[in-house]
Amino acid sequence: MAELLLLICGGVVAGAFGALLGLGGGVLIVPLLTLGFGLPLREAVGASLVCVIVTSSAAASVYLQRDVANLRLGMTLEMFTAIAAMAGGLVAFLVPDRLLAVMFAALLMYVALTMVRARDARDNRDAGGAPNGRDSGHTSGRPNGDSSGEVSPEAAERAERPSGGAEPAGSGGLMASLSGPGYRVRNLGRGVLGSLLAGVVSALFGVGGGIVKVPVMNLIMGVPIRVATATSNLMIGVTASAGALIYLFRGGIDPYVAAPTALGVFAGASLASRLSDRVDLGILRLLFVAVLVITAAQMALRGFG
Amino acid sequence: MKAGRLERTVGLVLGAGAIVSVALLAIGIAGMIAAHIGPLDRPFPPFDLQRLTVDLASLKPAGFLWLGLLAVILTPSIRVIASLFGFAAAGERRMVAVAVVVLAAICLSAALGAGG
């Protein structure tokens, strides 16, 4: 009973952290289950994929009903994330557990560095006197396009609109059909490459892959950050489910662990969307970076040790 | 189906899927508590479609947990199917083809997973 409560509470914390900082819970759930509960890495990744799908479905539902997510662009790109996730899921069962742990540690360090750089960029922008009527934390350190994409709808609502890079919609053809009001999608080929990478990352590590998708859509494809975040969230469901099906049929999902964790993550993400106005995201982000670095070190030790 | 309306419909499908999934998982967890099953108890019940119906009929927690997890994993696929019908109704052939490819990729994942 105590273990069950701890698992649910761990899920709540991971879900809340993730939603407040614009990350899915995946980067925290996998270490929580492996380092905290001693689960094999692959079972932790399987459980994490389930959590990622639940939060994606709930958040994408809101994004779509608010007409924020670009359904056509998302579905076009998720053809590639799904195929890559399938490949990633298969590879995950071939890669030694220790190597996977080291790779996961590298991913955590990358996320931590991205968040530090996001903070620096925001500070520089503020120092430069850029208009900043809102609390800087509300853009969640997403200077170059929200490093994750798995954010609460409320957080995304507050995300700043892009200016540079987005072209006005107008001409016909495929790109026009994928574009939205006020922006025109470009560089589809590079977007496809980014989607392939996001799919592999998602299935290998049990994360949503938004850390790749959002910057690619925003910086390379010219999609506004708010739309990129919402669209990434939409895509995460299909991407993660393609990976999760591999784990499901290969015995990589433990229902006794995945269910309470998913419930906790869902509750935590829902709670966070209501608390986001009252939390100092700057301090939370620093704390999160510290947690990521410590966790990365522990995962690396697990891999090398 | 008009653009915008399709998005809202697909959004409702996703929201309903998330709620149903979480409700099933919650029932399964309540069953775990009632049956004194810990999350780290081993071995955990394997995924088996035939056993799933038996477990559900006998109200075993594993039945609800697996049904909830299946609902979680299949909700995005149901969203793609809903989109497919919406695009077909709107005459958007290119997007219909995209939806078919996405579904095919998901089915292939399941087949490869089951085949391994």
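The values are calculated or read from the model by the stated rules, or taken from the named source; none is laboratory data. Owing to the predicted nature of the structure, the values given are computational and were not obtained by experimental measurement. Here Cβ is always computed from backbone atoms with ideal geometry, including for glycine, and neighbour counts include all displayed protein chains.
Test B:Leu112 against the criterion of being modelled with pLDDT under 95, more than 26 Å from A:Thr81 (Cβ to Cβ) and surrounded by fewer than 19 Cβ atoms within 10 Å (Cβ to Cβ), and give yes or no. Please lay out each step first, then the result.
Values: modelled with pLDDT under 95: yes; more than 26 Å from A:Thr81 (Cβ to Cβ): no; surrounded by fewer than 19 Cβ atoms within 10 Å (Cβ to Cβ): yes.
For B:Leu112, the condition - modelled with pLDDT under 95, more than 26 Å from A:Thr81 (Cβ to Cβ) and surrounded by fewer than 19 Cβ atoms within 10 Å (Cβ to Cβ) - is not met.
Touching a helix residue (DSSP H, G or I) at 6+ places or on another chain (Cβ under 8 Å), closer than 18 Å to A:Ala85 by Cβ, within 14 Å of chain B (Cβ to nearest Cβ) and not β-branched (Val, Ile, Thr), is that true of A:Ser241? In short, yes. Going through (1) more than 12 Å from chain B (Cβ to nearest Cβ); (2) part of a helix (DSSP H, G or I) one by one, A:Leu23 falls short only on (2). Among the residues of the range B:33-54, those that are facing chain A (nearest Cβ under 7 Å) and surrounded by 18 or more Cβ atoms within 10 Å (Cβ to Cβ) comprise B:Ile37, B:Pro39, B:Phe44, B:Pro45, B:Phe47.
Could you say which residue among A:Thr76, A:Thr114, A:Thr81, A:Thr34 is over 23 Å from A:Ala262 (Cβ atoms), assigned to a helix (DSSP H, G or I), of a type in the set (S, T, N, Q) and modelled with pLDDT of 90 or more?
The unique qualifying residue is A:Thr76.
Hey, among A:Leu113, A:Leu108, which residue is among the hydrophobic types (A, V, I, L, M, F, W, C), surrounded by 24 or more Cβ atoms within 10 Å (Cβ to Cβ) and more than 14 Å from chain B (Cβ to nearest Cβ)?
Details: A:Leu113 fails: surrounded by 24 or more Cβ atoms within 10 Å (Cβ to Cβ).
Result: A:Leu108 is the single residue among A:Leu113, A:Leu108 that is among the hydrophobic types (A, V, I, L, M, F, W, C), surrounded by 24 or more Cβ atoms within 10 Å (Cβ to Cβ) and more than 14 Å from chain B (Cβ to nearest Cβ).
Among the residues of the range B:99-116, those identified as within 7 Å of chain A (Cβ to nearest Cβ) and part of a helix (DSSP H, G or I) are B:Ala99, B:Val101, B:Val102, B:Ala105, B:Ile106, B:Leu108, B:Ser109, B:Ala110, B:Leu112, B:Gly113, B:Ala114. With the requirement that a residue be assigned to a helix (DSSP H, G or I) and surrounded by 24 or more Cβ atoms within 10 Å (Cβ to Cβ), what does the range A:57-70 give you? Matches in the range A:57-70: A:Ser57, A:Ala58, A:Ala59, A:Ala60, A:Ser61, A:Tyr63, A:Leu64.
Every test in (1) farther than 30 Å from A:Asn70 by Cα; (2) more than 9 Å from every other protein chain (Cβ to nearest Cβ) is passed by B:Ala62 save one, and that test is (2).
Here's the yes/no breakdown for (1) modelled with pLDDT under 95; (2) part of a helix (DSSP H, G or I):
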| residue | (1), (2) |
| --- | --- |
| A:Glu150 | yes, no |
| A:Gly199 | yes, yes |
| A:Ile211 | yes, yes |
| A:Pro215 | yes, yes |
| A:Val223 | yes, no |
| A:Met235 | yes, yes |
| A:Pro260 | no, yes |
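Only residues that are farther than 30 Å from B:Ser83 by Cβ and more than 7 Å from chain A (Cβ to nearest Cβ) were counted in the range B:19-31, giving 2. For the range B:86-95, name all the residues that are under 13 Å from A:Leu71 (Cβ atoms) and more than 10 Å from chain A (Cβ to nearest Cβ). Matches in the range B:86-95: B:Ala90 only.
Return yes or no: is A:Ala262 of a type outside the set (Lys, Arg), in contact (Cβ under 8 Å) with a residue 40 or more places away in the chain and over 21 Å from B:Val102 (Cα atoms)?
Values: of a type outside the set (Lys, Arg): yes; in contact (Cβ under 8 Å) with a residue 40 or more places away in the chain: yes; over 21 Å from B:Val102 (Cα atoms): yes.
Yes.
Which condition breaks for B:Ala16 when tested against (1) facing chain A (nearest Cβ under 7 Å); (2) under 30 Å from A:Arg72 (Cβ atoms); (3) under 15 Å from the mean Cα position of the chain (by Cα)? Of everything listed in (1) facing chain A (nearest Cβ under 7 Å); (2) under 30 Å from A:Arg72 (Cβ atoms); (3) under 15 Å from the mean Cα position of the chain (by Cα), B:Ala16 misses just condition (1).
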